[in-house]
């Protein structure tokens, strides 16, 4: 099924020219690569203008139609009730659920409420900021495609117990962090669990092979004692994880929808967001910038380390492990 898109002003000009040439609706549809029903509705809707079909008037009429409230919110009591509850901190789902429970004649489903809030009328009333978690644009409501599993993924339950208790050194957690408006860029965060030492990698691509190769190159530069395991989530960006096995790094994966199982890197991401806020593209975003940010994080004392810095804890553990191996 072809995705719906509105007629543009240029297409309306083309319709006007084709009508003046005496072309049929089906012929016009073929020229514009549109469905005949789309052209037919457009012509019937706007042919009553003085002087016949006029593209500029048709465009103005379309803008007016686009601004109309969803039909449910032409009802003033419903409109006022929803605005009042939004100001009370209720979500659209809570509003709809309560109205349905009370068998209220004001009932509207939560998707209808969301559509009205993000319509031009809702924006003019400044309704999106009243949502518990509002966004500039609301995503499409299509069902998510089922995710393909990570090939040969070892579950986190199989990870050695001493990794969980932070008794041993060289165990990392990783995550992908999006930066900028509309996910303009991304970085990979790597954190050593025991020392909280952080490495930030600038991603030059979106494909798993590129991201995992960058992780492999950085971990391979460390001594063998400093790279034993890496715990990741089940994002498709880590599906090439087996490339890490060639440098002796065993990979483990959190359970689906369980990011708290790699809490160290999630906490670090929160610290990074102080410097790279959501929705704001930094003026400079490259590897030297991330290296500078990582140095700042690694030279900040941490209470969980007895107010050592992650840098000091990392190299103290590295020296101890090297002495033991000798």
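All of the numbers you see were taken from the coordinates with simple rules; none came from a lab. All of these numbers come straight from a predicted model, not from anything done at the bench. Glycine gets a Cβ as well: all are built from the backbone with ideal geometry, and neighbour counts include every protein chain shown.
As a footprinting exposure proxy, order 192, 124 by other Cβ within 10 Å, with the fewest listed first. Walk me through the numbers before you get to the answer.
Numbers: 192 25, 124 9.
Ranked by crowding around the Cβ, least crowded first: 124, 192.
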Report, to the nearest 10°, how far helix 263-272 tilts away from the longest principal axis of the Cα atoms in the chain, using its own Cα long axis and a range of 0 to 90°. 70 degrees
Within segment 258-295, the residues whose backbone N lies under 13 Å from a label point placed 7 Å from the Cα of residue 135 along the Cα-to-Cβ direction are 279
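Which FRET efficiency value, to the nearest 0.05, is calculated for residue 75 and residue 21 with the Förster distance at 30 angstrom and r the Cβ-Cβ distance?
Numbers: r = 45 Å, r/R0 = 1.51.
Efficiency, from the Cβ-Cβ distance: 0.10.
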The chain - share of DSSP beta bridges that are antiparallel (%, nearest 5): 65 percent
With everything on Cα atoms, drop me the angle between helix 36-46 and the longest principal axis of the chain, reported from 0 to 90° to the nearest 10. 60 degrees
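Go ahead and run the numbers for FRET between residue 209 and residue 6, Cβ-Cβ distance against an R0 of 41 Å, rounding to 0.05. Show your work: numbers first, answer last.
On the way: r = 39 Å, r/R0 = 0.94.
About 0.60, to the nearest 0.05.
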Ranked 272, 28, criterion: other C-beta atoms within 10 Å, fewest first: 272, 28
Stretch residue 224-residue 164 to full length: gain in nm at 0.36 nm per residue minus the Cα-Cα span? 19.6 nm
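Which whole-number percent is the relative contact order of the chain (Cα, under 8 Å, 6+ apart)?
Numbers: 380 pairs, mean separation 41.5, N = 326.
Computed value for the chain: 13 percent relative contact order.
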Which value in nm describes the separation of the simple spin-label points at residue 84 and residue 292, placed 7 Å from the Cα toward the beta carbon? 5.4 nm
Label zone at residue 315 (point 7 Å along Cα-to-Cβ), backbone N below 20 Å, segment 150-180: 169-171
Most exposed first by the Cβ proxy, i.e. fewest other Cβ within 10 Å, how do 260, 90, 116, 172 rank? 260, 90, 116, 172
To the nearest 10 degrees, how steep is helix 310-325 against the longest Cα principal axis of the chain, on a 0 to 90 scale? 50 degrees
